[in-house]
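Q: This structure is in structure tokens; I'll ask about it shortly.
The values are calculated or read from the model by the stated rules, or taken from the named source; none is laboratory data. This one's a predicted model, so the numbers in the text were calculated from it and none came from an experiment. When we count neighbours, we look across all protein chains shown, and the Cβ atoms used for this are built from the backbone with ideal geometry, even at glycine. Please note that ligands, DNA and RNA were not included when accessible areas were found on the heavy atoms of the full protein model with its side chains. Shrake-Rupley method; radii C 1.70, N 1.55, O 1.52, S 1.80 Å.
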Amino acid sequence: SSVSAVTAHDEGACFAVRPPIHRALTRSPARYWHMFHHRSAAPEKNRAKSKGPSQKAEARGSIKKLNSGVASKQDRINTLKQVRNSKRDELIHRKRLGVSSDSRPPPPKIVVLVSLHTQADALSLKRKILVACGMPEAEASLVAPHTPCAAVLPAWAQMTPGGGKGRILLVDPPRNLLATLDVVKTADVLLCVLGPHASLEEPSFDTLGYKFLTALKAQGLPLVLGAVHGPSQAITGKQAAEAKKFATRYWASEIGADQKLFVASTDEELKVLIRGLSSATPKEITWRVDRGYLLSQEAVYTSADGTLCLRGYVRGPGLRCKHLAHLTGHGDFAVARIAIWPDPCPATGSSASARSMDDVVGEAGGKTVDELLESPDTRRLQPYDPTMAEQTWPTSEELGEGKSAKPKRLGATIPAPGGSEAGPAGDDADMAASGSEAGEQESDAESGDGATPSVAPSAMAETDDGWDVSSNMTMEEPNAESVAAEKRRRELISNRSQEDLEFPDEVDTPLTVSARERFQKYRGLKSFRTSPWDPYEELPVAYSRIWEYEAFNSTARAFRQQYVDDCTDMEGGGVGGLYCSVYLRDVPPSVIDVQAQGVPFVLSGVFPSEHKVSVVHGSVARVKEHEEVVKSKQELQLHCGFRRFPAKPTYSEIPKKSSTAKKFKFMRFLHQDVTACATFYAPVIFPPCRLLMFTNGQAGRDPELVATGAITGADPKQLIIKRSVLTGYPFRARKSKGVVRFMFFNPADIRWFKPVELGTRKGLRGHIVDSLGTHGYMKCRFSGHIKQDDTVCMNLYKRVYPKWYPPSWGGREEDGPEEG
């Protein structure tokens, strides 16, 4: 009720007023409790506990987990992931060791020990590792230096992915830059040996060690490990700790803190080093991919028939007799026969040791798996055709054919695989450049190509800044006059290099020769970047001897795949990973005489058409340690992957923007902090491939690294344009008109070059109006107001070509393009 109820007990009682009560609140709370909450089971559980266990529970018994051996879902996922990662690591490990078949064990890891200090003893460390691997100490002490030695790792060091017995092949090349670079080309692990002494005054790397590091980094480092080992007499414990601290700091600054450095003084430390070698997974070096190679452990030469037999483990896809093989530092040779020999260091319990000797060894020492049936194509140059240079007037039929066919004067064209056409975008990634004219002596700082054999340097044959001037002298003993002449020559080259930096491409007009004769091969261009230039115009005779590719990039990929397919199509999946004997035929005796005593040979496969000569291009930059002047056409030693040969490269600027006909501007000198394009005649090299340039070592001195880079391609059609800038100065100036002098010195030259456009240092453009007088003054008009302090320039261009140098492919230096 909305009205309060009043209850009276008697007349004198007080009245109390009750507040109104809602109807819902008068109902029982238990009636609506299920609308908002579930019924708690706690009271029932307590009630059951008080009553004791029920008869149903006693009859059922306790519940036991019967499938306790079954892993959970997450455990099964983790187990499958671990198995997958283990198989992947094993596959990567086998692939990087050069195994082409899963049924054969991987070959030993090639561990190259390089001493980076005179105190480091690589030979002693090599012998100690062999003793730790189980070789008797007396036998290990007789191991000759620089000789490859294989060993099976002991049981406590077996950490190879996928299980099995791991093996290593230890090589300690001599402290010679070329020998070290050649052996490291095949290395799986590079073990840098440091001396036990190190301080602020005496670094862990000596001068030659720093040169080794710079060259090896430019060539491409495999997996790098470090070891401190050497004679440590008269050194206390505190001094050893300090030396180790400094060695670690030097190692981290030069190699990196993430690369491991071991101390190999005691037997326990040596075991840690061997475990590190066992667990190391080799890195993939891009320029070695898809190419078979071999580091020889034995070499036998037969002078009667000129056969060189190399024995060693074949790596990569393998080798075939139908393809040529390259002997690093000596050239290309045909492979007469490939035979499988018994493994001199078999892995115990592997499939290699389980094979019977009858299956491996044939009647003539080894089981022959491949033999040369047909002589491969060894032509490097096209045959010389003198009719290519004829200038007779063509007939009407020839004129009709010329309209439908594009004129060519190149020797031969290697077609693209599959018959595809070479489009303009097919080889845009190829960078190219080229240098100087063939067979022509330039008057502006381009003469002096020929270099005679040098004599041993003497104290008199050195300049004040340490330059060796004996490299350009004759075989006679240097005298004061010849030394002074060589010093003047080098000073002149240095001055011209500095002048080329300050005034690039500027040339003085000669006073004795008319400008129209001096620059008769030059032309003017409206724009260097966009003006057209026919790449087949007036080619030299040398271009009729070389080879051209329709589509270089696609051809390189197809030939790489063809080489891999040919090697794996052999019986048993090829010879990759097996110990084989490779017989090279027609090897001259000079190869054995030139090879250093004890240094192993390095043999590598040659892709199809890689022995043919063409115009090869590479991108290079100078190293800061080399401070001498580097001139175009200067003879250098080039290292391109497994190849090593002399060449005379020329340099040009790499255009920042793409230009018509791929024009590159010629550079007279290779300056510091400039990435240039080097061009030379050489056998074709398929990229990716590193490029290193060295000076020629004289009198036992190691060559010095000049520049580093990479091979970019081979294309004779790429244009190298040389620019010559003629300068004049305003004699009178009025608004946009002016009188210019000192550019020419006679009216005939002014009339000859009148169609060429002019430019100024301050950005004006103009043209020649007329000659004024008889002393080379000329009237000019410009696009704006010309000032008296401005400089008037005329840009003239001509195409130049690489230097013809047959020693790059094994020819004689005196042979011209018409010979050989």
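Q: Please identify which residues in the range 759-795 have an amide N closer than 20 Å to a label point set 7 Å out from the Cα of ARG751, following the Cα→Cβ vector.
A: 767-781
Q: Nearest 0.05, what FRET efficiency do GLU242 and SER124 give at R0 = 25 Å with Cβ-Cβ as r?
A: Once rounded, the FRET efficiency stands at 0.65.
Q: Now for a different question. Can you give the FRET efficiency to the nearest 0.05 for LYS283 and LYS798, using r as the Cβ-Cβ distance and R₀ = 45 Å? Before the final figure, lay out the partial values.
A: Numbers: r = 46 Å, r/R0 = 1.03.
Plugging the Cβ-Cβ distance into 1/(1 + (r/R0)^6) gives 0.45.
Q: Report the Cα centroid-to-centroid distance between the range 311-347 and the range 205-232 in angstrom, as an integer.
A: The two parts, judged by their Cα centres, are 29 Å apart.
Q: Let me ask another. Can you tell me how much longer the chain between GLU374 and LYS737 gets when fully stretched, taken as 0.36 nm per residue apart minus their C-alpha distance, in nm with one decimal?
A: Going from the current span to full extension adds 123.2 nm.
Q: Of the accessible area of the range 212-327, with the probe set at 1.4 angstrom, what percent is carbon plus sulfur?
A: The computed percentage sits at 51.
Q: Which net charge results for the neighbourhood of CYS640, defined as the other residues with beta-carbon distances under 14 angstrom from its beta-carbon, given Lys and Arg at +1 and Asp and Glu at -1? Before the final figure, lay out the partial values.
A: Values: positive: LYS185, ARG288, ARG291, ARG643, ARG644, ARG690; negative: ASP182, ASP332, GLU610.
Result for the neighbourhood of CYS640: +3.
Q: Could you please state how large a percent of the accessible area of the range 489-604 is carbon and sulfur, counting protein chains only and using a 1.4 Å probe?
A: 48 percent
Q: Taking 41 Å as R0, compute the FRET efficiency from the Cβ-Cβ separation of SER253 and SER590 and round it to 0.05.
A: Computed FRET efficiency for SER253 and SER590 comes out at 0.40.
Q: Okay, next question. Along the Cα-to-Cβ line of ARG781, 7 Å from the Cα, sits a label point; which residues in the range 715-753 have backbone N less than 17 Å from it?
A: 733-740, by backbone N distance to the label point.
Q: Turning to a different aspect of this structure: At 0.36 nm per residue, and after removing the present C-alpha to C-alpha distance, how many nm does the segment from GLU202 to VAL725 gain when stretched out fully?
A: Once the chain is fully extended between GLU202 and VAL725, it gains 183.1 nm.
Q: Okay, next question. Rank-order 685-696, 522-533, 616-627, 274-285 by packing density, defined as the average count of other C-beta atoms within 10 Å over each peptide's residues, highest first. Before the final figure, lay out each step's value.
A: Values: 685-696: 22.0, 522-533: 13.8, 616-627: 19.5, 274-285: 17.6.
With the highest mean Cβ count within 10 Å placed first, the list reads 685-696, 616-627, 274-285, 522-533.
Q: Calculate, in nm to one decimal, what ALA485 and ASP673 gain on full extension: separation in residues at 0.36 nm each, minus their alpha carbon distance. Could the numbers behind the result be given before it?
A: Numbers: separation 188, 0.36 × 188 = 67.68 nm, distance 3.05 nm.
So the chain would gain 64.6 nm between ALA485 and ASP673.
Q: Among the listed pairs LYS128/LYS185; LYS762/LYS787; LYS128/LYS260; LYS665/LYS803; LYS521/LYS737; LYS648/LYS803, which are separated by more than 18 Å between their Cα atoms?
A: Correct reply: LYS128/LYS185; LYS128/LYS260; LYS521/LYS737.
Q: May I pose another question? Just to be sure I understand the model, the point goes 7 Å from the Cα along the line to the Cβ. What's the resulting ARG812 to SER531 distance in nm?
A: That separation, rounded to one decimal, is 4.3 nm.
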